Amino acid sequence: MFRTLLIITVVLLSLIGGMAVGLYHYFGWKGLLGLPFLILALLWLGKMVVGSLFKKFAGKLFGMKSEVLKDAAVLLHSITPVAKPPQPERSLEDADGAPEEDESDPNEEASHYFEFDMTITRVSGGDDRIWEPGELILTMDRVVTLEDLSEGEKELGFSAAYQIWEDGAFVDDKVGKMPGSQRLKMTFAVKPRIQRGWLQYYDQPLCEVSLPDWRIS
């Protein structure tokens, strides 16, 4: 990837130098007046090429990351409507002593919260690859390519909080990375009025889920 970017940079600089020589040779100093416009066109073209390469590189990277849960089995023990989980306490002042600004979005649509008690079992747990529970999401459809997630339109919910099953009880996860199968109690923030969706790990569909009516007793 970096070698490719270096080659592109060298080629662009060579083109700019060649254009400058050509313009001066055929049109004299007046021809050099058009050089900035040609440079802008080249920069725009380079941006498109680099953006496309970066997108492909990121897609391969996250695709490799998601393969750890390929064909994983999910056992849903329960899905329960719950209240919004408490947020970590924040200091009223930042490091400089100035009051923190409220970063909440007043126009953000309210979410419904559902607590998933589930066990995710990897097909092959003998390697050293890990997966991150906090990266689990809910989508409206079964997603098999990262391009489907890039616009964000298919995402229905994200992990708001979770705990892992350890020594007979649910406890806070202090590592955030799972080497193998794991039972989780995870709270998802979900868009209102959603009844069905898919549990996903990046571009790996894990299982279809049905959400109960959101009522808190």
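The values are calculated or read from the model by the stated rules, or taken from the named source; none is laboratory data. As the structure is a prediction and not an experimental result, all values here were calculated from the model. Ideal geometry is used to build each Cβ from the backbone, glycine not excepted, and the neighbour counts take in all protein chains shown.
General observations
- The number of residues in the range 169-182 being loosely packed, with under 14 Cβ neighbours inside 10 Å and in a strand (DSSP E or B) comes to 3.
- Count of the range 63-77 residues which are under 18 Å from G134 (Cβ atoms) and part of a strand (DSSP E or B): 1
- Meets criteria (modelled with pLDDT of 75 or more and assigned by TED's automatic domain parsing to the domain that holds W131) for V21: no
- Top-ranked residue in the range 186-217 [being assigned to a loop (DSSP other than H, G, I, E, B) and under 9 Å from F114 (Cβ atoms); ranked as modelled with the lowest pLDDT]: W214
Yes or no, residue by residue, for (1) among the basic types (K, R); (2) modelled with pLDDT under 90:
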position	(1), (2)
S52	no, yes
K55	yes, yes
E67	no, yes
V74	no, no
Q87	no, yes
L92	no, yes
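- Residue check: D148 meets all listed conditions (1) in a loop (DSSP other than H, G, I, E, B); (2) farther than 21 Å from P81 by Cα but one, namely (1).
- Selection count where residues are under 21 Å from M178 (Cβ atoms), of a type in the set (A, V, I, L, M) and surrounded by fewer than 17 Cβ atoms within 10 Å (Cβ to Cβ), scope the range 121-150: 2
- Selection within the range 183-193 - more than 19 Å from the chain's Cα centre (by Cα) and surrounded by 18 or more Cβ atoms within 10 Å (Cβ to Cβ): L184, K185
- Single residue of the range 102-127 satisfying the filter (at pLDDT 75 or above and in a loop (DSSP other than H, G, I, E, B)) that is farthest from the chain's Cα centre (by Cα): V123
- Within the range 28-45, restricting attention to residues that are small (G, A, S) and surrounded by 10 or more Cβ atoms within 10 Å (Cβ to Cβ), the residue that is nearest to the chain's Cα centre (by Cα) is A41.
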